[in-house]
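Note sheet for the following structure.
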Amino acid sequence: MGKAMILFCASLLIVFGIVSAPASAASLLDRAKSGEPVRVGYANAAPWCYTKAPDTAGGFATTITVETLKKMGFKVQLVPMPEWGGLIPGLMARRFDVVACGLYVMSARCQNVEFADPLAVIGDVFLLPAGNPKKVQTWQDLSRLKSRVGFIAGTNSMSTAKQEGMDLSQMVSFPSRTELTAAMKAGRIDVGAENLPEAQEIVRLNPGLFDLSDLKKQPKSSLNWAASGFRKEDADFAKAYDVAQRKYLGTPEMMSMVKSDSYDQQYLPEPDVTATWACKNR
């Protein structure tokens, strides 16, 4: 074939759109509509997210995300991650398309993550010895008693503690709730500061050993809104997801599916709290 003919054929391919762009260039929404599965990333952090059985994820955040995607008519592919801390890096590295562990919507994260509207409002509580012998309910109680307080590294509880006047010398950081729970049992710390779902899970797994403080006694600054997260380039998908989640969130069907993971009415966010609001206020 002569050079002129090659150039002519190439121009026809361009004009008539016969040459298609690589599949990776298509948006997540277009790929999902074409039948490709939406890859859902999650870690092992019950009751938020966890592997329930081979190829099956549990946890209220993952369940809400997966079921919403199915309501949209999309296929789902689960991608388990070994650590919570790898979720956002994994999303950025395109190992999956959505983080489904209920990430807190925070202004710093909003620079890199396109959050869906919240699926839960979560507060911190104190994990206390059974019976709460020292009658601890507030950060001020802990400061007055000079209690040693344990935190999970990477969570926002330590920031709240500082805002409430806790001394840095009272704070002990742990890599996971397993280590925090062990420290409580061994008496190395007096109190654990945890979000309500995970604190409830610790109590459930250790019957008779621990009690929880009253969530209503915590400062409003400790409240956070959790949501599924997408890449910034997939903002159109996040908007479509919001519409579907709004129809599903709080329905009897949904509440029944997440009941075993301790999600109840107190976790439902106010309808007017959007990702945009949370990004500006957290």
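Worth pointing out:
- Stretchable slack from GLN266 to LYS70, in nm (0.36 nm times residue separation minus alpha-carbon distance): 68.1 nm
- Averaging the Cα positions of each part gives two centres, and for region 166-220 and region 227-258 these lie 30 Å apart.
- Per-residue packing, averaged as other Cβ atoms within 10 Å, sorts the ranges 193-205, 133-145 into the order 193-205, 133-145, beginning with the highest.
- The amide H of SER228, built 1.01 Å from its N in the peptide plane, has ALA116, LEU119 as neighbours under 5 Å, considering only residues 5 or more places off or on other chains.
- Inter-label distance, ALA235 to ALA153: 3.5 nm, where each label sits 7 Å from its Cα along the C-beta direction.
- Counted residue by residue at 0.36 nm each, then reduced by the alpha carbon distance between them, the extension gain from ALA186 to ARG94 reaches 29.0 nm.
- The calculated FRET efficiency for SER34 paired with THR276, based on their beta-carbon distance and R0 = 35 Å, is about 0.75.
- Here the calculated FRET efficiency for SER27 and THR178, from their Cβ-Cβ distance with R0 = 35 Å, stands at 0.30, rounded to the nearest 0.05.
- Helix-only CD estimate at 222 nm, as mean residue ellipticity for the chain, using -39500 (n - 2.57) per DSSP H run (n ≥ 4): -10000 deg cm²/dmol
- Angle between the chain longest axis and helix 177-186 axis [Cα atoms, degrees, rounded to 10]: 10 degrees
- A simple spin-label model places pseudo-atoms 7 Å from Cα toward Cβ; at GLU83 and LEU209 they are separated by 2.4 nm.
- DSSP bridge orientation in the chain - percent antiparallel, rounded to nearest 5: 60 percent
- Size of region 124-222: Rg and Dmax of its alpha carbons, in Å, are 11.9, 32.
- Rounded FRET efficiency, nearest 0.05, which uses the C-beta distance separating GLU253 from LYS217 and R0 of 30 Å: 0.35
- Correct choice for log10 I(q)/I(0) by the Debye sum over Cα atoms at q = 0.07, 0.10, 0.14 Å⁻¹ that was computed from the model, options (i) -0.23, -0.49, -1.03; (ii) -0.39, -0.70, -0.99; (iii) -0.31, -0.57, -1.00: (iii)
- For PHE210, the residues whose modelled amide H falls within less than 5 Å of its own, excluding neighbours fewer than 5 places apart on the same chain, are ALA130.
We did not get these values from a lab; they are worked out from the coordinates using the rules stated. No experiment lies behind these values; they were computed from the predicted model shown. Note that each Cβ is placed from the backbone with ideal geometry, even for glycine, and that neighbours are counted across all protein chains shown.
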